[in-house]
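Below: the structure, in structure tokens.
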Amino acid sequence: MCDLFRRSTILVAISFLLFFPACQSSQKSLATEEKVNSEPREGKHLLILSGQSNMVGLDANRSFTPLIEKAFGKEKIIVVKDAHGGQSIRSWCKENHEFPPPTAGRIPKVRGDLYRRLINKVQSAMEDHNISTYTFIWMQGESDLRNKAYHIYLKELLSQLQKDLGTDSINVVIGRISDHGLNSPKRLEGRKYIRKTQAEFAEALSRGDWVNTDDLNQRFINGKLIDDLHYTKEGYHTLGQRFAEKSISLIVKHDSGKVLK
């Protein structure tokens, strides 16, 4: 009877010794997981501005970046701008989506050459930084009035960014091309198509939005008010502010858990 009692006691002690470390390890693991989940994700907000001449004319350092810095802190943002006047979206997209391929209009010798330049610049700016949010701001379209596949190119451009940045969570802000030329029959349908496509594309994205530019290009020439192709000095400043406000709104809406100031 005594031997049986001793054996039972030994078995209980062994079971306790085996169970206690495992239990203690589980508790530590749980505590560590809770600690990680409760800590905000460190990182910076990456904002990419690209497009053609009306993006070139935007002075991001004066109109765009100050509002972003005020919202999130100067040390928490990375702003990259790379824009080129008179360029089709074909220069940013690697594939052709028009069949047969176009022979008229702005056709780059190398498809996607400006995108390669842009993404190299972006990746260089990202180096050694942890990025918590991604926002792409696009102001382009005047060189694609004959491009009936513009909506497909927009999809490809976003897909390229998602692949190269390694995330599907990219906020997108599009500047809809202005009302320049809407009172002229020349390429009127092309202008209407680009404007409609840009707004619909942005609205269809869960992380998308667009800004109106129709009031940014009005100027007097020889005493006559016209809607110019390019914006006024004040118009470019307002454009930068509108891009910043939309970007901030999207980041707060979709990435509020990552916002660090």
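The values are calculated or read from the model by the stated rules, or taken from the named source; none is laboratory data. Small disclaimer: the values here were computed from a predicted structure and weren't measured. A quick note on method: Cβ atoms are made from the backbone with ideal geometry, for glycine too, and the neighbour counts reach across all protein chains shown.
Please tell me if residue 238 is assigned to a helix (DSSP H, G or I), out of contact with any strand residue (DSSP E or B) (no Cβ under 9 Å at 6 or more places or on another chain), of a type in the set (Ser, Thr, Tyr) and under 22 Å from residue 63 (Cα atoms).
Yes.
Could you tell me whether residue 190 is touching a Lys or Arg at 6+ places or on another chain (Cβ under 8 Å), assigned to a loop (DSSP other than H, G, I, E, B), of a type outside the set (A, V, I, L, M, F, W, C) and in contact (Cβ under 8 Å) with a residue 12 or more places away in the chain? It would help to see each step written out before you state the result.
Numbers: touching a Lys or Arg at 6+ places or on another chain (Cβ under 8 Å): yes; assigned to a loop (DSSP other than H, G, I, E, B): no; of a type outside the set (A, V, I, L, M, F, W, C): yes; in contact (Cβ under 8 Å) with a residue 12 or more places away in the chain: yes.
Against the criterion (touching a Lys or Arg at 6+ places or on another chain (Cβ under 8 Å), assigned to a loop (DSSP other than H, G, I, E, B), of a type outside the set (A, V, I, L, M, F, W, C) and in contact (Cβ under 8 Å) with a residue 12 or more places away in the chain), residue 190 does not qualify.
How many residues does the range 207-232 contain that are over 22 Å from residue 154 (Cβ atoms), assigned to a loop (DSSP other than H, G, I, E, B) and of a type in the set (Val, Ile, Thr)?
1
Report the residue count in the range 37-47 for those that are out of contact with any Lys or Arg (no Cβ under 8 Å at 6 or more places or on another chain) and at pLDDT 95 or above.
Residues meeting the conditions: 2.
Quick check on this structure: which one of 95, 142 is surrounded by fewer than 15 Cβ atoms within 10 Å (Cβ to Cβ), at pLDDT 95 or above, in the same structural domain as residue 227 (by TED's automatic domain parsing) and farther than 18 Å from residue 250 by Cα?
Of the residues listed, the single one that is surrounded by fewer than 15 Cβ atoms within 10 Å (Cβ to Cβ), at pLDDT 95 or above, in the same structural domain as residue 227 (by TED's automatic domain parsing) and farther than 18 Å from residue 250 by Cα is 95.
Cβ-Cβ distance below 8 Å, separation of 6 or more or different chains: which pairs start in the range 195-216 with a residue that is in the same structural domain as residue 234 (by TED's automatic domain parsing) and end on one that is surrounded by fewer than 18 Cβ atoms within 10 Å (Cβ to Cβ) and outside any helix (DSSP H, G or I)?
Short answer, once both residue conditions are applied: 207/169; 214/179; 214/227; 216/232.
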